Amino acid sequence: MRYISTRGKAPELGFEDVLLSGLANDGGLYIPKEWPKLDFKSLPTTSYSEQAAYVIYPFVSEFLKYEELQSITDKAYSQFPNKEAIGLKEVEKGNYLLELFHGPTLAFKDFAMLLLAQFFETSLRRKNKSITILGATSGDTGSAAIEAFKNNKHCTVFILFPKGRVSEIQRKQMTTVESSTIFPIEIDGTFDDCQNLVKSLFQDLKFKEEMSLGAINSINWARVAAQIVYYFSTFQKLKADKVSFSVPTGNFGDVLAGWIAKKMGLPIDKLIVATNDNDILDRAISNGDYFQEKVKATTSPSMDIQISSNFERLLFESLNRDANKLNILFNKLKNDNGFNIDDSALSYIRNDFESGKANENQVKDTISRIYNSSDIILDPHTAVGFYASSDLSDDNTPMVNLGTAHPAKFSKAVFEAIKVEPEIPNRLKKVINKKEKFVELENNEKVLINFIRENTNV
């Protein structure tokens, strides 16, 4: 499998080089040169780990033998409480909750991050090399990355998170880990500010080489590849002719993984892009309007994003992989704060995606409705997905709503909705009273560069 950049000017690479480079040197995102097909009927049934090896192998075959990949997936997913890793509950007739929060940090990001850490460990050990990991988070990515990489001797990890825009527990999951190679950094700004800093440093090719920068955000293709697996696993569990998915969406990586599963042959009907008040993706899919607005703080902070990095990969496909057309659009985004998607590209996107959004009152009402009807407690992000899918369900097709985080991570919002405190798992109880350690930095590229230089082990 070979990979090309969405911006068209970076060299074609294999998986290992894509893994280590993260963002392409031309500022684009790497994507497979062609989409593999997979016989979903032959998906293993014994464990999630075996399913992961089966689904991911076509993307990594130049990097790993199948047996090596199986060993890596075994190690990654051994940190889940059972071999299935996911949970699937029917909430209402034909309407399901896919529990993706049984990993170490109780969020769906664990599925990709644990595997990513093993990929990095394998590659860097072979090369006898150390790198500097740089990432931005709106909450769950950071804690998942820190947990996965905290004992990796080859990596120094810098995680940027926006001041006052993550939940208290999300912050403490990042700031209470004891490791000399982990640096949580609070940035005075939004998630988009954090993400822009990361992208800017990756585009500084001199600094990127000097620090041996590696990416853990879903700009790194390996993150997206890892998330494809649970779509296949869910389909197998349901034993239906086709399945629809509603996906709470911020950076577009999770729902893109579902679309890739469909490209690989999985019979997926609808992919619903569910957004909160930060609805740029809903506007883009509804009417082709991809223009930034001011980021609004909500009870689903992981979705408080205006620029969704992985949407670039889909746009590239919708433009028939014309990098020149894509570059024109992103120049407009930079200079004019956005762009309009033309009819042809929009038609391509709408062929596989629908969208919906939920405001804060609707999120609150959905948490209450589901709890009163089923005793199941949703976190606010998952509630966005349930609300978005409520008008788009098909009686003949199961609707699977992705449960992206444990409700205890957002207990304040949950309590306001149902006047019930979600039970706090032991993994979260351990961090509540621990001493925090993090750095506060202004939203300034030079300040960040100096801090990384002073603290990296490279």
Margin query: On the principal axes of its Cα set, how long, how wide and how thick is region 325-458? Give whole Å, largest value first.
Written below: 54, 53, 27
Next item on the list: May I have the extent of the alpha carbons of region 418-458 along their three principal axes, as whole Å values ordered from largest to smallest?
Entry: 45, 24, 16
Next item on the list: Can you give me the P(r) profile for region 49-88? Cα pairs, bins 5 angstrom wide beginning at 0, each as a whole percent.
Entry: 5, 26, 31, 19, 11, 6, 1
Next item on the list: Note down the nm distance, to one decimal, between modelled labels 7 Å out along Cα→Cβ at Ser347 and at Lys242.
Entry: 2.0
Notebook entry, point to check: Arranged from highest to lowest average of other beta-carbon atoms within 10 Å per residue, in what order do the peptides 275-281, 163-169, 219-225 appear?
Noted result: 219-225, 275-281, 163-169
Margin query: Can you give the FRET efficiency to the nearest 0.05 for Lys430 and Lys127, using r as the Cβ-Cβ distance and R₀ = 30 Å?
Written below: 0.30
Item checked: Rg(Cα)/(2.2 N^0.38 Å) for region 162-302, N = residue count -> 1.24
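What FRET efficiency do you get for Arg2 and Lys419 if R0 is 56 Å and r is their Cβ-Cβ distance, rounded to the nearest 0.05? Working shown, then result.
Working: r = 55 Å, r/R0 = 0.98.
About 0.55, to the nearest 0.05.
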Next item on the list: Step through the residues of region 200-216 one at a time and calculate ³J(HN,Hα) from phi using the Karplus curve (6.51 cos²θ - 1.76 cosθ + 1.60, θ = phi - 60°), rounding each to whole Hz and writing x for Gly and Pro.
Entry: 5, 5, 6, 7, 7, 4, 5, 5, 4, 5, 4, 8, 6, 5, x, 10, 10
Notebook entry, point to check: What ³J(HN,Hα) values, in whole Hz, does the Karplus curve 6.51 cos²θ - 1.76 cosθ + 1.60 give for region 419-427 when θ = phi - 60°, with x put for Gly and Pro?
Noted result: 6, 10, 7, x, 4, 8, x, 4, 4
Next item on the list: Write down the Å³ per residue value for the convex hull defined by the alpha carbon atoms of region 272-383.
Entry: 100
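I'd like the Kirkwood hydrodynamic radius of the chain, using the inverse of the mean 1/r over distinct C-alpha pairs, in Å.
Details: mean 1/r = 0.0457 Å⁻¹.
About 21.9 Å, per the Kirkwood formula over Cα pairs.
Beta carbons within 10 angstrom, averaged per residue: use that to sort the peptides 16-27, 362-373, 196-207, 298-309, highest first. Please report the intermediate quantities before stating the final value.
On the way: 16-27: 21.1, 362-373: 19.0, 196-207: 17.2, 298-309: 24.6.
Ranked by mean Cβ neighbours within 10 Å, highest first: 298-309, 16-27, 362-373, 196-207.
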Item checked: Calculated from backbone phi, Karplus (6.51, -1.76, 1.60) coupling profile of region 19-34 in Hz, x at Gly/Pro -> 4, 7, 7, x, 7, 5, 5, 8, x, x, 10, 7, 8, x, 5, 8
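If I take every Cα pair under 8 Å that is 6 or more residues apart in region 355-394, average their sequence separation and divide by the length, what percent do I get for the relative contact order? Don't skip to the end; give the middle numbers.
Working: 31 pairs, mean separation 19.6, N = 40.
49 percent.
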Checklist line | For Ile133, distant residues with modelled amide H under 5 Å away | finding: Thr156, Val157, Phe158, Gly214
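Using a/c under 1.5 as the rounded threshold, could you call region 1-51 rounded, prolate or oblate? The axes a ≥ b ≥ c are square roots of the C-alpha gyration tensor eigenvalues, and prolate needs a/b larger than b/c, oblate otherwise.
prolate
For Asp336 and Lys206, what is the calculated FRET efficiency with R₀ set at 25 Å and r taken between the beta-carbons, to the nearest 0.05? Intermediate values should be presented prior to the final figure.
Details: r = 29 Å, r/R0 = 1.17.
Between Asp336 and Lys206 the formula returns 0.30.
In deg cm²/dmol, rounded to 500, what helix-only [θ] at 222 nm does the chain give when every DSSP H run of at least 4 residues adds -39500 (n - 2.57) and the total is split over its residues? Could you put the intermediate results ahead of the total?
Values: 20 runs with 206 residues, N = 458.
Theoretical 222 nm ellipticity from helices: -13500 deg cm²/dmol.
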Check: Of all the C-alpha pairs in region 333-384, what % are more than 14 Å from each other?
Finding: 67
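Please report the antiparallel percentage of the DSSP beta bridges confined to the chain, to the nearest 5. Intermediate results must be reported in sequence, preceding the final value.
Details: 14 of 50 bridges.
Expressed as a percentage, antiparallel bridges in the chain total about 30.
What translational D, rounded to a whole number of µm²/s, comes out for region 37-144 from Stokes-Einstein when the hydrodynamic radius is the Kirkwood one over Cα pairs, at 4 °C and 1.567 mPa s? Walk me through the numbers on the way to the answer.
Values: Rh = 15.5 Å.
The diffusion coefficient I find is 84 µm²/s.
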Check: Amide H to amide H, which residues 5 or more places from Glu186 or on other chains are under 5 Å from it, using H placed in the peptide plane?
Finding: Phe161, Val439, Glu440, Leu441
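Rule-based calculations on the coordinates, nothing more; no lab input. Everything quoted here is computed from the prediction, not taken from an experiment. Here Cβ is always computed from backbone atoms with ideal geometry, including for glycine, and neighbour counts include all displayed protein chains.
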